[in-house]
Amino acid sequence: MYKVVIGLEVHCELETKSKNFSSAPNTFTRTPNINVATVDLGLPGILPVVNKEACRKALKTAMALHCENPDEVVFDRKNYFYPDLPKGYQITQVTKPMGRNGYLDVLVNGEKKRILIHQLHLEEDTASLEHNSNFSLIDYNRSGIPLIEIVTEPCIESAEVAVRFLEELRDVFLFCEVSEAKSNYGQMRCDVNISLMKENDKQLGTKVEMKNINAFNSVKAAIEYEIKRQSELLDKGEKIIQETRRIDEDGKTYSMREKVDAVDYKYFIEPNLPKVPLSKKYLDEIRKEIPMLKLERFELYQEKYGLSEYDAGVLSADKKISDYFNEVVENSNDTNLALNFVSTSVLSTLNKLDITIDEFLVKPKSIAELVNRVHDKKISLDHGKKILYQAIKEEKDPIDLIKEQHLEQINDEDKLLEIIKNVMDNNKEQVRQYVEDGNTFVYNFFVGQVMKTTNRQANPNISLELIKQELERRKQNDKK
Amino acid sequence: MDYRHKTIKELKQDLIDEKTTSEELFKEANELAHKYQDEYNSFVTIIDKYKKRAKNDSMINGIPYAIKDNFSTSNILTTASSNILKDYIPVYDATVYKKLKINGGVLVGKTTLDELAMGGTGTTAHTGVVKNPWDKKRLIGGSSAGSASAVSLGIVPFSIGSDTGDSIRKPASFGGIVGFKPTYGRISRYGLFAFASSLDHVGCFTRNVEDAAIVTDILKGHDPLDMTTLKDEDIKYSEHLDDDIKGKKLFYIKEICNIEGYEDENIKKTFKEFYKLVDKLKEEGFIVEEVSFDENLLNAIYPTYMTISCAEATSNNANLTGIQFGPRPKGDSIDEIMFNARTEGFSELIKRRFILGSYILQKENQDKLFLNACRIRRLIVDKMNELFKEYDGLILPASGSFAPTFDASSERLNPKATVLENHMAIANFGGFPSITLPMYYNNNLPVGINLTGKVRDDKTVLNMAKKIEDIVNLKNKVAGDENV
């Protein structure tokens with residue numbers, strides 16, 4: 001058995017209106033070479049203009065990952081020749097990345113693991129290449145799209161932890177609303193560095209790099225394959241070669257190139273982008289925008305609201321649903337009822353209609369209002385649910401529906417008693433059955449009649465008690 | 001009419017008075033351009049068709065001009081005088097060119113430069129050497145060689161150049177004209193083919209200081225496409241040229257201006273003229289003082305300039321691979337195509353600079369070479385800024401003497417002469433506004449005086465230069481004129 005040491009380099013495209021250093025749109029399209037400005041082609045004389053929003057989102061993500069932020073924004077050039085890099089250099093950050101020394105906690109089988117983040121920096125994506133048998137095509141749509149790269153410390157011990165980290169990291173992107181992080185669009189990509197060492201070794205083993213893996217299950221497959229491959233080599237007493245490998249569809253990895261020495265990218269500070277100081281005020285403003293992350297919500301739901309692990313998991317999985325639930329809870333007096341409404345009625349409706357929470361028209365405050373009315377016994381739970389379904393169906397506000405349909409629950413005992421007396425006067429046979437035969441089955445009959453008479457507005461519990469009392473009173477009177 | 005000797009202001013007045021038309025001026029410029037092309041090689045491209053322009057009351061409306069062939073001009077060949085771009089036709093306009101178009105300037109041609117603006121001789125263009133209009137055996141200097149010779153020959157009243165070490169101000173000295181580069185960021189670099197981004201400046205050539213102010217007034221301003229440009233300021237330099245200069249303080253550097261340090265008789269003569277000028281300046285109300293400057297720093301100017309500029313140039317020109325644009329030679333792999341494009345596309349001189357730049361930026365050398373050069377640059381700039389707290393400008397000869405002949409051996413062996421020939425890079429290090437104008441003629445060959453001022457204080461530099469011009473009284477000379 002060997003100790004596995006994994007480090008990840010995760011790239012994620014940021015969601016912005018325009019590219020990182022040009023005004024070309026940053027949108028996903030399958031039509032090649034339409035989102036292209038002169039700057040993205042690296043034509044002679046072009047100059048970069050930095051995208052403020054991309055900087056803000058990179059800083060925000062760094063903060064969400066508990067990183068230290070720099071005192072100023074500085075960009076560097078990474079120089080190398082490749083046809084997907086039109087300028088011959090990539091604008092990136094080395095001197096002062098947007099974040100350093102952070103971490104992200106992830107749950108692995110119920111156990112919390114802290115993954116250390118070495119750094120987060122902002123850079124630009126390259127063009128994409130399509131290789132054919134005897135020619136290659138270049139698509140510059142991707143050239144210059146803002147990209148953040150997150151580099152972990154070599155602190156991940158298994159494929160499972162690596163994948164859990166990637167999942168949690170994607171949720172950070174989604175919760176912070178910095179990216180859609182769709183791996184099938186290549187918006188989130190990952191390089192894996194992996195080495196094996198003997199349990200008691202002090203020095204890390206030879207590192208093998210696997211580049212540009214999109215799908216999380218491919219990351220898992222690649223790591224598992226590499227652990228097996230490297231273990232077998234080490235078992236045989238062979239050496240691991242420092243190299244870059246790619247993963248194929250069969251889940252196996254293949255050698256791409258040997259890495260004799262690390263490439264020298266000849267980094268230096270980008271002279272065309274003036275250094276911009278970051279004020280405490282500006283950073284504080286960004287920090288305020290960082291929402292509570294998934295794991296915090298998951299824990300909060302269990303600890304503060306007493307939700308089951310399952311319910312907490314469901315409600316914290318999606319930021320928008322979680323935000324919706326939070327707003328319902330904040331505005332209602334009954335967390336259990338709120339949970340009941342959101343997890344059964346709202347979520348099942350989303351599933352049934354196959355819509356997102358954004359498209360769900362009933363506002364959380366209205367649900368909270370319903371919850372409160374049920375809680376205060378102004379309407380019945382039964383009515384509450386029915387109103388909600390009607391509101392969803394007719395795209396109306398449930399509170400308006402309650403008012404329209406006079407559905408407010410009748411809890412007034414005098415009023416109910418009057419109705420009950422009336423019902424009993426009209427159903428003498430059933431009264432007789434109780435008075436003479438002691439038949440308690442008539443309770444339900446009378447509750448049903450009261451509900452029917454009141455158009456289901458009567459509080460059924462109070463009604464039942466009053467019916468019992470009234471029947472008993474009539475029995476006593478009859479004896480006299 | 002006497003087109004060749006007229007200033008922008010005079011041409012403008014002639015147009016207003018309908019003594020001439022813009023088309024007539026263009027034709028005259030075009031004819032002159034062709035007439036002198038074989039002899040002097042000022043242009044890479046001469047525009048032959050007069051294009052109707054937007055009419056407005058801009059000072060340059062209807063007036064011919066030329067622009068260096070390293071500014072992006074859409075639909076007009078732009079080669080940077082390099083084989084690797086010999087067929088490159090840009091798809092976009094440099095901000096400077098756009099401004100000139102909007103103002104109604106009439107483009108006469110794209111001027112020859114040292115390949116990719118790297119060089120100070122005007123001899124390395126892919127289309128051949130540029131000759132000095134005052135003496136064809138001599139060079140005009142570079143890299144803005146053609147822009148200088150076109151103005152010096154009177155083909156155009158003004159032209160646009162770029163200046164990374166002294167690429168405007170040195171050829172201005174050898175051409176007997178005015179060359180001005182304002183503060184770094186005063187004029188947008190968007191569309192200027194980058195040589196060394198932190199040192200590159202856009203500027204102009206004219207035959208008098210007022211025209212330089214007029215052109216700069218048009219070119220300056222914040223550009224959202226160039227993040228290093230300065231905020232707009234609400235003044236016109238051309239309206240402050242005759243402000244009172246009484247009490248303005250100038251300094252010159254003792255270590256450079258010591259006549260005894262030079263052997264060359266012509267350099268000695270230049271300094272004699274320089275000191276004569278200093279005396280006249282004092283008479284006219286300037287305060288001029290001698291200041292001592294650390295000789296180690298002075299000796300470091302040239303190596304510092306070479307180190308930083310080669311490093312940045314290597315990176316800036318990494319887009320020239322034949323993949324996106326330019327000639328694409330055959331090759332069995334992408335690497336081979338790029339390799340062949342660069343091997344065939346660049347001259348040996350350029351390759352040498354790229355190899356130097358690459359070496360300088362290598363991890364193991366970067367701190368010792370590149371970062372140390374950046375530190376020295378900082379020391380020099382700090383020292384200058386300290387001096388500018390007390391002084392309004394630095395005044396020095398723009399070159400030790402007139403333009404050298406093509407076969408003259410380099411004076412580089414003498415370190416003092418190296419400092420004398422390269423001190424103007426100080427203005428590029430600090431982004432200081434700097435202007436060269438004629439100082440005297442030695443045997444019918446011009447030698448310039450250079451004035452460098454505080455960052456952002458372009459107004460005062462031009463104001464003082466105008467006063468110096470009045471004192472020297474050598475403005476509006478055109479090469480070939482008698483009795484200068």
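The values are calculated or read from the model by the stated rules, or taken from the named source; none is laboratory data. Predicted model, so just to flag it, every value in this text is computed and none were measured. Cβ coordinates were reconstructed from backbone atoms using ideal geometry, including for glycine residues, and neighbour counts include every protein chain displayed. Quick note on the areas: whole protein, heavy atoms, side chains included, nothing else; ligands and nucleic acids left out. Shrake-Rupley method; radii C 1.70, N 1.55, O 1.52, S 1.80 Å.
If Lys and Arg each add +1 and Asp and Glu each add -1, what is the summed charge of the other residues whose beta carbon sits under 11 Å from the beta carbon of B:Val151?
Residues near B:Val151 contribute +2 overall.
Kindly flag which residue pairs out of B:Lys136/B:Lys181; A:Lys365/A:Lys385; A:Lys60/A:Lys87 have an alpha-carbon separation exceeding 22 Å in this structure.
B:Lys136/B:Lys181; A:Lys60/A:Lys87
The label point for A:Lys304 and the one for B:Asp234, both projected 7 Å from the Cα toward the Cβ, are 5.2 nm apart.
Gain on full extension, evaluated as 0.36 nm per residue between A:Asn439 and A:Gln476 minus their Cα-Cα distance, stands at 11.8 nm. Interface between chains A and B: roughly 2600 Å² of accessible area buried, both sides summed (probe 1.4 Å, protein heavy atoms only). Between helix A:428-437 and chain A, what is the angle of the helix's C-alpha long axis to the longest principal axis, kept within 0 to 90° and rounded to the nearest 10? The two axes meet at around 80 degrees. Projecting label points 7 angstrom from Cα along Cα→Cβ for A:Ala317 and A:Asn184 puts them 1.7 nm apart. Let's test the formula: R0 of 56 Å, r as the Cβ-Cβ distance of A:Tyr389 and A:Leu204. What FRET efficiency results, to the nearest 0.05? It comes to 0.40.
Cross-linked pairs A:Lys52/B:Lys351; B:Lys248/B:Lys475; A:Lys17/B:Lys236; B:Lys99/B:Lys459; A:Lys113/A:Lys304; B:Lys220/B:Lys466: Cα-Cα separations exceed 28 Å for A:Lys52/B:Lys351; A:Lys17/B:Lys236. Each peptide in B:242-249, A:178-185 gets a packing score, the mean of other Cβ atoms within 10 Å over its residues, and the list from highest to lowest is A:178-185, B:242-249. Compute the signed sum of charges (Lys and Arg +1, Asp and Glu -1) over the other residues within less than 14 Å, Cβ to Cβ, of B:Arg353. After counting each charged neighbour, the total is -1. Taking all protein chains as shown and a probe of 1.4 angstrom, A:Glu168 keeps an accessible surface of around 10 Å².
Checking the cross-link pairs A:Lys57/A:Lys281; B:Lys389/B:Lys416; B:Lys131/B:Lys477 against a 21 Å limit on the alpha carbon distance flags B:Lys389/B:Lys416 as lying beyond it. Within the shell defined by Cβ-Cβ distances under 14 Å, the residues around A:Lys396 carry a net charge of -2, with Lys and Arg each +1 and Asp and Glu each -1.
Distance between the pseudo-spin-label points of A:Ile290 and B:Glu263 (7 Å out from Cα toward the beta carbon): 6.8 nm. The charge dipole of the stretch A:113-164, taken about the Cα centre with unit charges on the Cβ atoms of Lys, Arg (+1) and Asp, Glu (-1), comes to about 240 debye, rounded to the nearest 20. When each full DSSP H helix of chain B is screened for a Cα extent of at least 18 Å along its own axis and an average Kyte-Doolittle hydropathy of at least -1.0, the helices passing are B:295-316, B:348-361, B:372-390, B:458-472. Only beta bridges with both residues in the protein assembly as shown are counted; by DSSP, about 85 percent of them are antiparallel. Entry comment: accessible area of the stretch A:380-441 is 61 Å² per residue, from protein heavy atoms only and a probe of 1.4 Å. Could you name the aspartates and glutamates whose alpha carbon sits less than 16 Å from that of B:Lys137, not counting residues in the same chain fewer than 8 places away? Once the sequence-local aspartates and glutamates are set aside, what remains near B:Lys137 is B:Asp38, B:Glu39, B:Asp407.
Kindly provide the trypsin sites (Lys or Arg not before Pro) of the stretch B:44-137 that DSSP labels as loop, not H, G, I, E or B, and whose Cβ sees at most 13 other Cβ atoms within 10 Å.
B:Lys49, B:Lys51, B:Lys52, B:Lys55
Counting only the backbone N, which residues of the stretch A:42-63 are under 19 Å from the spot 7 Å out from the Cα of A:Lys280 toward its beta-carbon? Residues A:63 fall inside that zone.
The mean count of C-beta atoms from other chains within 10 Å of the C-beta of residues in A:267-279, rounded to a whole number, is 4. Of all aspartates and glutamates in the structure, the ones whose alpha carbon falls short of 17 Å from that of A:Lys475, not counting any fewer than 8 places away in one chain, are A:Asp425, A:Glu429, A:Glu436, A:Asp437, A:Glu465. Based on DSSP H segments of at least four residues, each scored -39500 (n - 2.57), chain A has a per-residue ellipticity at 222 nm of -12500 deg cm²/dmol. Using the alpha-carbon atoms, what tilt in degrees (0 to 90, nearest 10) does helix A:159-175 show relative to the longest principal axis of chain A? So the helix axis and the longest Cα principal axis differ by about 70 degrees. Taken along its principal axes, the alpha carbon cloud of the stretch B:286-375 reaches lengths of 64, 36, 20 Å, longest axis first. Between the beta carbons of A:Asp71 and B:Asn365, assuming R0 = 41 Å, the FRET efficiency works out to 0.90 to the nearest 0.05. Taking a straight Cα-Cα cut-off under 18 Å and skipping sequence neighbours fewer than 8 places away in the same chain, the aspartates and glutamates within cross-link reach of A:Lys396 are A:Asp358, A:Glu359, A:Glu369, A:Glu404, A:Glu408. Shape call for chain A from the C-alpha gyration tensor, a ≥ b ≥ c root eigenvalues: rounded (a/c under 1.5), prolate (a/b greater than b/c) or oblate? Verdict is prolate for chain A. Which residues among the stretch A:386-412 fall inside the zone where the amide N is under 19 Å from a point 7 Å beyond the Cα of A:Lys363, along Cα→Cβ? From the stretch A:386-412, the list is A:388-404.
Against chain A, whose longest principal axis comes from its Cα atoms, helix A:364-375 is set at around 30 degrees.
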